[in-house]
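The structure appears below as structure tokens.
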């Protein structure tokens, strides 16, 4: 009887040890998966900037900033690169040192912010070569969605002064506004003589780990 009791105790002990080993293995796998998973980073107008510029004959060049936007990056630690980018801009937030022109830009003649309150971008593919990136994705402006591609530069995650993980990125978009049906005057808007057809968007992002 004593031998039988010892056998049962040994069996129970072995079960507990096996269960503990399995639990530890699962726990380690979860930690490894978390370490290897893509890490999300968030940015907004508080720490980042989006500048737009277009040639306008009357003043030379109209330059404005978007003061309300947010977006996200995904950083893949396995590949050591950004794997995804998303951006949403509030169009009514466009602002320059020319309030009257800002009202025209927000009006139905150009951005039509009442009808189209957002500009969005979502990457479909990102390629990294050496230290440079090429992003391809869908840009939606004025209700029109077009596929665009553009180069940009970005750091690997770094620590800021407060010990937070941060990624710095910057790039430029150059687009034809007529591709997005932004036409200020059907009669006069030909050849970009008064208002250029091309808009340049320069952006600088400081994205913090979520």
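The values are calculated or read from the model by the stated rules, or taken from the named source; none is laboratory data. This is a predicted model, so every value here is computed, not measured. Every residue, glycine as well, gets a Cβ built from its backbone with ideal geometry; the counts of neighbours run over all protein chains shown.
Filter segment 183-210 down to residues that are in a loop (DSSP other than H, G, I, E, B) and over 15 Å from residue 105 (Cα atoms) and give me whichever is modelled with the highest pLDDT. Steps first, please.
First pass over segment 183-210, keeping only residues in a loop (DSSP other than H, G, I, E, B): 183-194, 196-197, 210.
Filter once more, so that each one left must be over 15 Å from residue 105 (Cα atoms): 186-188, 190-193, 210.
Numbers: 186: 65, 187: 59, 188: 63, 190: 67, 191: 64, 192: 60, 193: 67, 210: 85.
Among those residues, the one meeting the criterion is 210.
Quickly run through segment 152-182 and pick out the residues that are closer than 18 Å to residue 53 by Cβ and assigned to a strand (DSSP E or B). Before you say what the answer is, go through the steps one by one.
Filtering segment 152-182 for residues closer than 18 Å to residue 53 by Cβ gives 152, 170-180, 182.
Scanning segment 152-182 gives 152, 170, 171, 172, 173, 174, 175, 176.
When you scan segment 77-89, do you find a residue that is part of a strand (DSSP E or B) and loosely packed, with under 14 Cβ neighbours inside 10 Å, even just one? Scanning segment 77-89 turns up no residue that is part of a strand (DSSP E or B) and loosely packed, with under 14 Cβ neighbours inside 10 Å.
Condition first: in contact with a strand residue (DSSP E or B) (Cβ under 9 Å, 6 or more places away or on another chain) and at pLDDT below 90. Can you find one or more residues in segment 38-52 that meet it? Yes: one or more hits.
Of all residues being in a strand (DSSP E or B) and farther than 18 Å from residue 82 by Cβ in segment 133-151, which is nearest to the chain's Cα centre (by Cα)? Just the residue, please. The selected residue is 140. Screening 89, 104, 54 for residues that are over 20 Å from residue 170 (Cα atoms) and either in the same structural domain as residue 124 (by TED's automatic domain parsing) or without any contact (Cβ under 8 Å) to a residue 12 or more places away in the chain (or both) leaves exactly one candidate, 104.
Residue 173 meets all of the listed conditions (1) touching a strand residue (DSSP E or B) at 6+ places or on another chain (Cβ under 9 Å); (2) closer than 30 Å to residue 59 by Cβ; (3) modelled with pLDDT of 90 or more but one, namely (3).
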